[in-house]
Structures are given as C-alpha cells and as structure tokens.
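Reviewing the structure listed below.
The values are calculated or read from the model by the stated rules, or taken from the named source; none is laboratory data. Just so you know, these numbers come straight off a predicted model, no measurement behind them. Here Cβ is always computed from backbone atoms with ideal geometry, including for glycine, and neighbour counts include all displayed protein chains. We work out accessible area using only protein heavy atoms, side chains counted, and drop any ligands, DNA or RNA first. Shrake-Rupley method; radii C 1.70, N 1.55, O 1.52, S 1.80 Å.
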Amino acid sequence: MTTRIEPDGSRPAIRFDRVGQVFNGSDGGSVTALEDVSFTLHRHEFVAVIGPSGCGKSTLLRIIAGLVKPTGGQAEIYGLPVTGPREEVGIVFQQPTLLPWLNVRDNVTFPMKHKHGRVTQAEKQRAAELLAMVGLEDFATRRPNELSGGMQQRVGIARALLHDPDILLMDEPFSALDALTRDEMSFELLRIWTERPKTVLFITHSIPEALLLADRILVMSARPGRVREIIDVGLARPRSMQTLSEPRFHEIANHIRAQVFRPAALA
Amino acid sequence: MKSPTISAPRSSDRRRWPDMGRALLKVLDRGAPLFASLLLLLIWELGCRLFQVPSYLLPAPSAIVQGALSVSLESWLGHIWATLRVSLQGYALAVIIGIPLAVALANSRLLSRTLYPQLVIIQSTPIVAVAPIIVVVLGAGDAPRVAITFLITFFPIVVSTVTGLLATPPAMLELSRSLGASRLREVKNIQLPFAVPYIFSALRISVTLAIIGAVVAEFVAAEDGLGFFIAFSTSFFKVPQAFAALGVLVTLSLVLFQLVSLTQRLLFPWSLPDAEK
Ligand SMILES: Nc1ncnc2c1ncn2[C@@H]1O[C@H](COP(=O)(O)OP(=O)(O)OP(=O)(O)O)[C@@H](O)[C@H]1O
Ligand SMILES: [Mg+2]
C-alpha cells in the first residue's frame with residue numbers, strides 16, 4: 001500500500017490513459033472487457049459512468065482501485081500510476097460485502113480494525129453519525145442477515161465514508177434500493193459531497209440518477225467497453241426534485257438513452 | 001395483529017378432543033427416538049430369551065447390564081480415562097497442526113502442490129495396518145496411541161478447513177485487498193471466520209474418529225482403555241462385558257460430538273445454518 005499523498009489541484013484526480021483489459025476465460029478464450037479507455041476526472045468532480053451490462057464498468061473501477069492491473073495503458077491517481085490499493089480511496093462495491101459475524105456498527109468500522117487492528121473512539125463516533133445519516137441508527141447492533149438488501153447496501157456506503165476518502169468509487173450503490181430510498185440517498189450523497197468535496201466515480205444503470213448527481217457522464221459502449229461519449233450535464237446546482245422536471249434534464253436523458261441502445265456498429 | 005382466517009365454526013365440546021389428541025401426538029413425536037430405542041431393546045431382550053441365544057454370541061440387554069456390573073466402577077473409570085486421554089490428545093494435536101497447515105495450504109500454491117499429495121497418500125494408507133509399525137517405532141506408553149489417533153483425525157480437519165478457506169467469497173477478499181491489510185489479517189479477519197462452519201463440521205466428524213483411533217491403537221498395544229478391555233474380554237468369551245464397553249464407547253462418542261456442537265453454538269452462533277439458529 002502506498003502512503004497517502006497530498007492531492008495536488010493542478011493534477012487530475014483520476015486519469016485513465018488508453019486503458020485496456022483482456023481477461024482470459026476459463027474456457028481458454030479471452031474477453032476484451034475494456035479497450036482504449038482514456039478519461040480524466042478533475043479534483044472534486046462527480047462523474048457518473050453509464051453503459052450496458054458487462055461493458056466493463058466494474059472492471060474500470062477495480063483498475064482505479066488498484067485491485068486489477070490493466071493489461072494495456074495505465075491508470076493514475078494525482079499523476080501517479082496506480083500500483084495497488086490506496087489510502088485516499090473509498091469503495092462501495094456492487095455487492096454489499098458485509099461480514100456476517102459482525103453487527104452493523106462493527107461492519108462500518110471494519111476497515112479500521114482490518115487495517116490498523118483497532119478502532120478509535122472518534123471512529124466509533126463517526127460510524128454512529130454515518131449510520132444515522134443512512135437511516136440505520138436503530139440497527140447498529142443487528143447482524144447483516146437481519147437487514148434487507150437495500151439496508152445492507154447503505155451499511156456499505158457508511159463503511160466507505162468512514163475515513164472520509166478524497167476519492168470515492170461507487171459501483172451501482174443504489175441498485176438494490178427502492179425508487180424512493182434511492183432518490184433520498186442520492187440527495188444525501190450530494191449533501192455529503194457538497195459538505196466534504198470529493199472526487200466521485202459513480203457507476204449506475206439509471207440515467208436519471210446519473211443526471212441528478214453528476215457533473216459529467218461517461219457513456220460506454222457494449223463489449224468491448226469503450227468511451228462512447230462524455231456528456232457535460234450542465235444542470236444548475238444545488239440540484240433538487242425540481243431538477244428532474246427541467247427541460248434540459250429530459251433532453252439529455254433522451255440523448256443518453258439513444259446512445260446506450262444504439263448498436264455499436266453505428267457508433 | 002391477528003390476520004383474519006377462514007375457519008369452520010366448531011362447537012366447544014368437539015374442540016376438546018382434538019386438542020388432547022394433538023397433545024398426545026406431540027409427546028409421541030418428541031419421544032419418538034426414545035420410544036423407538038426402547039422398543040428395539042425390548043425386541044432384542046425377548047428375541048434372545050425366546051430363541052435362547054447363547055450370551056457369547058449375542059448377549060441380551062439384561063446380560064450386558066449384568067456384565068457391566070461385574071466390573072468395578074474404578075476399573076471402568078480407569079479404562080474410560082485411558083481412552084479419553086488418548087483420544088483428546090490425538091484430537092487436540094490434529095486441530096493444532098491441522099488448522100494452521102490448512103491455512104498454509106490454502107494460501108500457497110507451492111505448498112498445496114507439494115504437500116497435498118503426501119497428505120492424500122497418508123490418508124490412503126490403512127491406519128490399522130500401520131498401527132503395529134507405529135507402536136514398534138514409538139515404543140510403549142501413550143505416544144504411539146496418540147500418534148495413531150492423530151493420523152486418523154487429522155486429514156478431515158485439513159481438507160475441510162482448506163475447502164472452507166477457499167470458499168471465502170471473492171468479493172470479500174477484494175474488500176480486504178482494497179483496504180491494503182496484511183495477509184495475516186486477511187486470514188484472521190476474513191478467511192478463517194468464513195471457514196468456521198466447515199471447520200466445525202470437520203471437528204464433529206473428527207472427534208468421533210478420535211475415539212475410533214484410540215480404540216484401534218488399544219487393540220494393537222495397550223494395557224488399559226476401552227479398546228483393550230474389549231479385546232481382553234472377548235478373548236475370555238466375556239462377551240456381555242465387551243458389549244457393555246461398546247455401549248460406553250458409543251456414549252462417549254455422542255457426548256463428545258454434542259460438546260463440539262455446543263461449542264459452535266456458544267462461540268459462533270452466526271455460523272449455524274439458518275434452520276438451527
Ligand atoms: N475476473 C474476471 N475474469 C474473466 N472475465 C471477467 C472478469 N471480470 C470481468 N470479466 C468480464 O469482463 C466483462 C466486464 O465485466 P464488468 O464486471 O466490468 O462489467 P460491468 O459493466 O460492471 O457489468 P454490470 O453492469 O453487469 O455490473 C464481462 O464480460 C465479464 O465477463
Ligand atoms: Mg458491474
């Protein structure tokens with residue numbers, strides 16, 4: 001693990017430089033998950049990634065998280081090539097990945113326990129605050145199997161925010177939530193992001209969600225995953241329920257819909 | 001809140017009978033294993049008496065009880081302690097060596113490729129056949145018996161623990177790696193807890209195997225223990241005594257098995273299957 005480096009405003013927070021990823025399948029064949037992906041996230045920018053299932057969104061996240069080494073090109077954080085997991089990155093995984101033997105509170109503080117072997121009083125306090133924020137303060141002493149899928153995912157979000165990461169990677173964090181909770185969590189995430197600015201890479205399947213949250217949207221094409229389009233959302237902040245009814249919102253939404261469903265051959 | 005259900009109206013005196021019937025059924029259901037055992041004992045007893053089976057072929061339960069009583073309590077306790085001592089030492093050794101070895105095997109391709117085949121060879125060797133050799137090598141005393149017990153109990157623990165460690169969901173390992181924790185913490189905080197259900201199912205099997213191991217060892221070379229006692233009794237045609245010792249062995253196995261289950265229930269309640277919680 002590399003040590004925490006001081007974020008430098010002049011350098012992009014995240015940079016994908018012609019990143020490619022080929023997986024060798026168990027049947028001997030190979031899958032090209034990503035091809036020639038180049039993209040830059042500026043510091044404290046909120047970028048949503050949208051694309052058909054299996055186009056390599058999670059792989060992109062794993063690469064920047066330092067969990068997978070790309071087979072082509074390079075990923076950088078603050079100008080340094082990613083060689084492994086880094087302290088300033090927080091991840092919300094596609095699955096909740098909670099430990100079944102720990103209660104909700106201990107799951108939230110698990111990163112500290114796992115990294116440093118102990119949890120400080122301040123971290124415990126922060127865990128309690130985060131649980132309240134995601135609406136789970138009453139479930140702090142419950143085990144994950146007593147929670148619904150959406151609740152488990154919210155615990156995962158609280159866990160990723162515990163060390164107040166400068167870079168937040170989120171892999172379809174709200175996909176297990178119902179529509180109402182989803183909107184609520186989106187606004188909550190925007191509030192956190194405004195209060196404590198972070199660079200966010202947010203993977204989603206939901207076009208409205210991407211529009212509501214992001215500064216820019218990276219639209220990917222189906223396998224092999226490539227950058228199809230980068231859209232400047234340009235909707236005023238702070239965003240609210242009203243944002244959803246703005247003409248520009250529908251305009252971009254329709255545009256993205258057309259992009260995602262357009263066959264790759266016509267791209 | 002009570003949800004509305006549809007039921008046919010019943011008169012109050014007609015309701016009493018089914019209730020009592022249900023209570024009786026419940027008692028029968030609870031006691032079913034016990035009743036079945038008692039019935040079997042009764043058939044055994046009657047069969048032996050009716051057909052006048054000689055007690056050196058198949059003693060009746062009553063003869064077994066008599067046989068048991070003909071041996072002093074002190075002597076019983078001595079044999080039980082000898083068997084238990086050997087079983088538990090061999091078992092403890094298998095746990096202490098088996099689990100760390102499983103961790104090493106699960107985490108090192110080189111180790112699993114070099115050591116695992118040797119373990120399979122050891123496991124494929126009939127321990128009963130090796131027992132006399134072990135006795136010759138390790139001499140008198142508990143040592144050869146503990147070694148034989150160890151060899152019998154060790155393999156299931158290693159195999160099952162390795163399986164459990166490797167069954168850790170990949171997403172969990174990814175979480176661990178993303179946190180940049182040490183390998184040791186990954187094993188301790190993630191892999192081992194995920195393996196707990198596997199480890200305990202092996203511990204349950206192995207504890208009964210430990211009794212078998214001790215008895216096998218006592219058949220080969222011993223001057224006390226329940227295995228020795230059975231060999232000794234049968235050589236003098238005291239078959240009822242041997243049966244009594246067999247009963248003690250079965251009881252011992254069951255108690256140990258339940259103790260392991262209880263340990264899991266108390267220490268790792270989350271690891272039980274949902275149906276048993
Ligand atoms: N470890 C792996 N080994 C082999 N192939 C892989 C591996 N991980 C991903 N792939 C392949 O790479 C492609 C992209 O996978 P990825 O999980 O990144 O997709 P995704 O865009 O996140 O999909 P979804 O929206 O369904 O989550 C898929 O075709 C998948 O089969
Ligand atoms: Mg994915």
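Things to note:
- Percent accessible area from carbon and sulfur atoms, the protein assembly as shown, protein chains only, probe 1.4 Å: 62
- For the range B:170-179, 3J(HN,Hα) computed residue by residue from phi via the Karplus equation (6.51, -1.76, 1.60; θ = phi - 60°) reads x, 4, 5, 5, 5, 4, 4, 5, 5, 8 Hz, glycine and proline entered as x.
- The HN-Hα couplings worked out from phi for the range A:36-49 by the Karplus form 6.51 cos²θ - 1.76 cosθ + 1.60 (θ = phi - 60°) are 6, 8, 10, 6, 10, 10, 6, 4, 6, 8, 10, 10, 9, 10 Hz, whole numbers, x standing for Gly and Pro.
- Other residues with beta-carbon under 11 Å from the beta-carbon of B:Arg85 carry, at +1 per Lys or Arg and -1 per Asp or Glu, a net charge of -1.
- Each of B:Gly67, B:Phe229, B:Ile121 was placed along the dipole of chain B (beta-carbon charges, centred on the mean Cα), and the one lying farthest toward the positive end is B:Ile121.
- Long-range tail of P(r) for the protein assembly as shown (Cα pairs > 33 Å, %): 60
- Amide hydrogen proximity for A:Ile91: with H placed 1.01 Å from N in the peptide plane, the residues at 5 or more positions away or on another chain lying under 5 Å are A:Leu169.
- Sparsely packed loop sites in the range A:118-219 (the trypsin sites (Lys or Arg not before Pro) outside DSSP H, G, I, E and B with at most 12 other Cβ atoms within 10 Å) comprise A:Arg118.
- Pairwise FRET efficiency - B:Thr125 versus A:Asp17, Cβ, R0 = 51 Å, nearest 0.05: 0.30
- Cα centroid of the range B:129-199 to Cα centroid of the range B:214-277, whole Å: 23
- Peptide B:170-176 - average C-beta neighbours from other chains (10 Å radius): 6
- Net charge of neighbours whose Cβ lies under 11 Å from the Cβ of B:Ser176, counting Lys and Arg as +1 and Asp and Glu as -1: +3
- A simple rule links phi to the HN-Hα coupling: the Karplus curve 6.51 cos²θ - 1.76 cosθ + 1.60 with θ = phi - 60°, which for the range B:194-199 gives 5, 7, 3, x, 5, 4 Hz, with x for Gly and Pro.
- Sites excluded, chymotrypsin sites (Phe, Trp or Tyr not before Pro) in DSSP loops with at most 15 other C-beta within 10 Å, longest stretch of chain B: B:57-235
- Taken along its principal axes, the alpha carbon cloud of chain B reaches lengths of 72, 70, 30 Å, longest axis first.
- Relative packing of peptides B:206-218, A:86-98 - highest average C-beta neighbours within 10 Å first: B:206-218, A:86-98
- Amide proton proximity set for A:Arg228, modelled H, under 5 Å, gap of 5+: A:Val219, A:Met220, A:Ser221
- Sites B:Lys26 and A:His205 - FRET efficiency at Förster radius 56 Å, r taken between beta-carbons, to 0.05: 0.60
- Amide hydrogen neighbours beyond the local backbone of A:Asp215, cut-off 5 Å, H modeled: A:Phe46, A:Val47, A:Ala48
- For the range A:96-164: accessible area per residue (Å², 1.4 Å): 41
- Positive end of the dipole of the range B:145-250 (Cβ unit charges, origin at the Cα centre): among B:Ala217, B:Pro169, B:Phe150, the Cα lying farthest that way belongs to B:Pro169.
- Cβ-based net charge around B:Ser55, under 13 Å, with every Lys or Arg adding one and every Asp or Glu removing one: +1
- Counting all C-alpha pairs of the range B:234-277, share separated by more than 16 Å (%): 56
- Accessible surface buried once B binds A (1.4 Å probe; total of both sides; Å²): 1800
- Projected area averaged over orientations for chain A, convex hull of C-alpha atoms, nm²: 15.1
- Test item: A:82-94 mean partner chain Cβ contacts at 10 Å: 2
- Cα-centred dipole magnitude for the protein assembly as shown, charges only on beta-carbon of K, R (+1) and D, E (-1), debye, nearest 20: 480
- In this simple spin-label approximation, B:Thr163 and B:Phe219 carry label points 7 Å from Cα along the Cα→Cβ vector, and these lie 2.6 nm apart.
- Taking chain A and dividing mean pair separation by its residue count, relative contact order in percent (alpha carbons under 8 Å, at least six apart): 24
- Using a Förster distance of 22 Å, the FRET efficiency for B:Ala171-A:Lys124 (Cβ separation, nearest 0.05): 0.30
- Per residue, the solvent-accessible area of the range B:70-276 (1.4 Å probe, heavy atoms of protein chains only, all protein chains present) comes to 48 Å².
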